[in-house]
Amino acid sequence: MALEKQRFDTLILGAGGAGLNAALQLANANLKVAVVSKVFPTRSHTVAAQGGVNAALANVLPDNWHWHMFDTVKGSDYLGDQDAIEYMCREAIPTVYELEHNGVPFSRLANGKIYQRAFGGQSQDFGGEQAARTCAAADRTGHAILHTLYQQNIRAKTQFYDEYFAVDLIKDDEGIILGALVLNIATGEPLLIESKTTLLATGGCGQVFRTTSNAHINTGDGMAMVLRADLPLMDMEFFQFHPTGIAGKGMLITEGVRGEGGYLINKDGDRFMEKYAPNAKDLASRDVVARSIVTEVRDGHGCGPEADHVMLKVNHLNEDVIAKRLPGIRESAKIFAGVDPVKDPIPVFPTAHYVMGGIPTDRFGRVMPTADDDGDHLPGLYAAGECACASVHGANRLGGNSLLDILVFGRLAGHNIIDYVKENKTHRPLNEASVEASMARLDRWDAKGEGMTVSQLRNEFRKTMEDHAGVFRVEDMMAEGVEKVKKIRKKLNDIRLTDHTRTFNTNRTEALELENLIDVGLAIAVSALHRKESRGAHSRPDYPKRDDAEWMKHTLYWRESDKLDYKDVRVQPLTVESFPPKERVY
Amino acid sequence: MIIHNSDLADIDRLRWQCRRGMLELDVLLEAFLEQHYEALSPRLKRHFIQFLEFPDPVIHAWCIRGESPDDDEFAELVSSIRATEVA
Ligand SMILES: Cc1cc2nc3c(=O)[nH]c(=O)nc-3n(C[C@H](O)[C@H](O)[C@H](O)COP(=O)(O)OP(=O)(O)OC[C@H]3O[C@@H](n4cnc5c(N)ncnc54)[C@H](O)[C@@H]3O)c2cc1C
């Protein structure tokens, strides 16, 4: 059967907050837009974001975007690009008002203004008193944003391809992206979407690790597609582990628990955060708390028969407080950990939460194919959201800055695409060889016979990543991890599907996802092995200090022979003075 | 939503519908589908198919937080989902 083809001005892969906000700009400008999503758009992972979105509105405490910028640069451990950060923090304010205008039901103060919550890492006056910067729509912020953007896209006549799986980018001999091969999950039939411009907005890759807070769909597909198109990923060694996931399961126990007075204890009942962060204690930044937990466990102070986790104590809090302020936590702990936190502490361990690295883009969402910072971007290819690296989070992301990132850079990418399409009105000729290569990758899964199952190799891979490229990273252990993952990559050839039907073949989809996970996993493991310093979420006990002279630079990783290169951090903001690196104290 | 009798047996489709935006729902719904779906009465199977159309925060509120479904019709289904063994 001939391959079905469709043509659009713009193809957007991903229908989370980033993809939908970009699509809306384009559809409103009357461009022909296709949005492809492997799940129904409002089931994108953005729906899980409950905490909220940061903007220096100053509704509760004094605030301004410059302080927000300072916190973000400091939080990034000086690896964030300061021009992009300035842009994001300035844009935060109109972005939140625009959402409000479009119908996102933000929680309000008695005076009618948007309520703002305080979170770790937010300060007034460049590192002074606690600030309150996070705007939320009750505990459904992500859902409210997705729902609002989806409805508006429907009205603007964006064309959705729901339950289509993007397989590969299609490119010509000059490296220009011509669109993508996608798979209709319901029928198993491939479809070629040709586009003048393509935006990757496929979200994160938490499923790389065994313990993660991310939904099963977060398999780094867009990142791996970029790697297969001979383009690099940037700063993949920076992965944020949320300190408190349900041990062995990954579900998040929110920061709010510690905000309300919950605290961590080891097997002796000691409140160990007092030792690691005397001032902020249990409210220290995520990487500090995560590292402290792993250190406690490694030093033999862990709880449980395997001594492999610590406990989060909340049973000193009033039952009413738990019910009112921490809805869902009690039930979540009961269902997934089998404990009632009103009576017993919750077993917790760091859970892979957010990837700071991703597809390198400039401040306009354009993909940058080389380490030459002044070099050209790749015409027509864009990335935004968690799959991209602008880089506004640097070595560590602040809570509430990610929803902000996806909204600000999703919209900006949309506007830049509009300008690009004005000047590039025609489709480039299709490159059949690239299509055939991608079809061959798909057909490979039709092979029958004896072999490993997808889930066997996936389990082996995710455990390897957790043990060798997780929170705690030392040279030998990591080098061993890289070799192990390379072997796992070879074992992909040994997999045989157990299901060869066409319709809703989850087995085949999961095989494609596993290929993606492994490519992204190697990017993480190799990048981490070579960064010989500790910065932000990347912690090396063998190189415990941040080394600005040598390492204030971004890592670039290519799949071809697992090559690395580096490029300078952009320390010059747009209009204000640069924030020079300072020692971190907690 | 029209549900045909043939839809009730389409486990492959339902398995993909259990892919959600929240890990909690992935784990709970997939476990329920694998462990209990086959044994449900045709009436409850229909309820499950309808139920999967609800937005994630609604399913979360019912299945994780234990809020009662506004619609009594779903109460029986939700309580069996909540009883699924995942800890
Ligand atoms: C539990 C949790 C809570 C969080 N809370 C907050 C918070 O309070 N505040 C905050 O700022 N951040 C929070 N974050 C982070 C934030 O939610 C994410 O970084 C953000 O939502 C990512 O949005 P996105 O648009 O980039 O991608 P996503 O929302 O993940 O969307 C990705 C899209 O890509 C599609 N896709 C992926 N692969 C393919 C493929 N191969 N083919 C077709 N489609 C594909 C998916 O279907 C989906 O539509 C939280 C994260 C987690 C895990």
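The values are calculated or read from the model by the stated rules, or taken from the named source; none is laboratory data. Computed from a predicted model, the values in this text were never measured in an experiment. Methodologically, a virtual Cβ is constructed for each residue, glycine included, from the backbone with ideal geometry; neighbour enumeration extends over all protein chains shown. What goes into the accessible areas is simple: the full protein's heavy atoms, side chains included, and nothing from ligands, DNA or RNA. Shrake-Rupley method; radii C 1.70, N 1.55, O 1.52, S 1.80 Å.
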Q: Would you work out the relative contact order for segment B:7-82, in percent, from Cα pairs under 8 angstrom that are 6 or more residues apart?
A: 31 percent
(Q) What does the charge count around residue A:2 come to, taking other residues whose C-beta lies under 14 Å from its C-beta (Lys +1, Arg +1, Asp -1, Glu -1)? (A) -3
**Q.** Kirkwood-based shape ratio for chain A, expressed as Rg/Rh from alpha carbons
**A.** 0.95
Q. What's the average, rounded to a whole number, of partner chain beta-carbon atoms within 10 Å of each residue's beta-carbon in A:207-215?
A. 2
Q) How many nm separate the modelled label positions at residue A:2 and residue A:578, each set 7 Å beyond the Cα in the direction of the Cβ? A) 5.7 nm
Q) List the trypsin sites (Lys or Arg not before Pro) in segment A:341-385 that DSSP assigns to loop (not H, G, I, E or B) and whose Cβ has at most 13 other Cβ atoms within 10 Å. Which are they? A) A:343
Q: Mind checking B:4-17 for the average number of partner chain beta-carbons within 10 Å of each residue's beta-carbon?
A: 3
Q. Using a 1.4 angstrom probe with every protein chain in place, what is the largest-first accessible-area order of B:16, A:67?
A. A:67, B:16
(Q) As I understand it, the dipole of segment B:7-82 uses +1 on the Cβ of Lys and Arg and -1 on the Cβ of Asp and Glu, about the Cα centre. Which of B:63, B:17, B:50 lies farthest toward its positive end? (A) B:17
Q: Pop the C-beta distance of residue B:3 and residue A:452 into the FRET formula with R0 = 30 Å and round what comes out to the nearest 0.05.
A: 0.25
Q: Could you work out the mean count of beta carbons from other protein chains within 10 Å of each residue's beta carbon in B:59-71?
A: 3
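Scale the Cα Rg of segment A:434-548 by the rule-of-thumb value 2.2 N^0.38 Å and send over the ratio, two decimals.
So the Cα radius of gyration is 1.29 times the expected 2.2 N^0.38 Å.
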Q) Over all pairs of distinct alpha carbons, what does the Kirkwood formula give as the hydrodynamic radius of segment B:7-82, in Å? A) 12.3 Å
Q) Which value, in debye to the nearest 20, describes the size of the charge dipole of chain A about its Cα centre when Lys and Arg Cβ atoms bear +1, Asp and Glu Cβ atoms bear -1, and nothing else is charged? A) 1160 debye
Q) How big is the A/B interface in buried accessible area, both sides summed, 1.4 Å probe, to the nearest 100 Å²? A) 2800 Å²
Q. With the dipole of chain A worked out from charges on the C-beta (+1 for Lys and Arg, -1 for Asp and Glu) around the Cα centre, which of A:147, A:69, A:176 lies farthest toward the positive end?
A. A:147
Q) For chain A, what relative contact order do you get, as a whole percent, if you take Cα pairs closer than 8 Å and at least 6 residues apart? A) 21 percent
(Q) Would you report the distance distribution of C-alpha pairs in segment A:395-477 as whole percents per 5 angstrom bin, up to the bin with the largest distance? (A) 3, 9, 8, 8, 9, 13, 15, 16, 12, 6, 1
(Q) Taking 21 Å as the cut-off for C-alpha to C-alpha distance, list the pairs among A:196/A:567; A:463/A:490; A:490/A:532; A:5/A:38; A:38/A:486 that go past it. (A) A:196/A:567; A:490/A:532; A:38/A:486
Q) When all protein chains stay in place, what accessible area (Å², nearest 10, 1.4 Å probe) is found for residue A:274? A) 90 Å²
**Q.** Spherically averaged projected area of segment A:101-151 from its Cα convex hull (nm²)
**A.** 4.5 nm²
Q: Pop a pseudo-label 7 angstrom from the Cα along the beta-carbon direction at both residue B:50 and residue A:460 and give the gap in nm to one decimal.
A: 4.6 nm
Q. Where the only charges are on Cβ atoms (+1 Lys, Arg; -1 Asp, Glu), what is the dipole of segment A:244-350 about its Cα centre, to the nearest 20 debye?
A. 180 debye
Q: In whole angstrom, note down how far apart the Cα centers of segment A:64-130 and segment A:213-235 are.
A: 28 Å
**Q.** Spatially proximal lysines relative to residue A:343 (Cα-Cα < 25 Å; intrachain offsets below 8 disregarded)
**A.** A:249, A:267, A:281, A:313, A:324, A:334
Q: Once you have all Cα-Cα distances for segment A:244-350, histogram them in 5 Å bins from zero and send the whole-percent values.
A: 2, 13, 26, 27, 20, 10, 2, 0
Q | Packing-based order for A:35-41, A:10-16, A:486-492, A:238-244, using average beta carbon neighbours within 10 Å, highest first | A | A:10-16, A:238-244, A:35-41, A:486-492
Q: Let me have the 222 nm mean residue ellipticity of chain A computed from DSSP H runs of 4+ only, each contributing -39500 (n - 2.57), with the sum over all residues rounded to the nearest 500.
A: -10500 deg cm²/dmol
Q: Measure out, as a whole number of angstrom, how far apart the alpha-carbon centroids of segment A:550-576 and segment A:386-421 sit.
A: 17 Å
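Contact order normalised by length for segment A:483-586, with contacts defined as Cα pairs under 8 Å and 6 or more residues apart; what percent is it? Intermediate values should be presented prior to the final figure.
Numbers: 75 pairs, mean separation 17.0, N = 104.
Result for segment A:483-586 is 16 percent.
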Q. What residues have an amide H closer than 5 Å to that of residue A:178, excluding those fewer than 5 places away on the same chain, when H is modeled at 1.01 Å from N in the peptide plane?
A. A:170, A:171, A:172
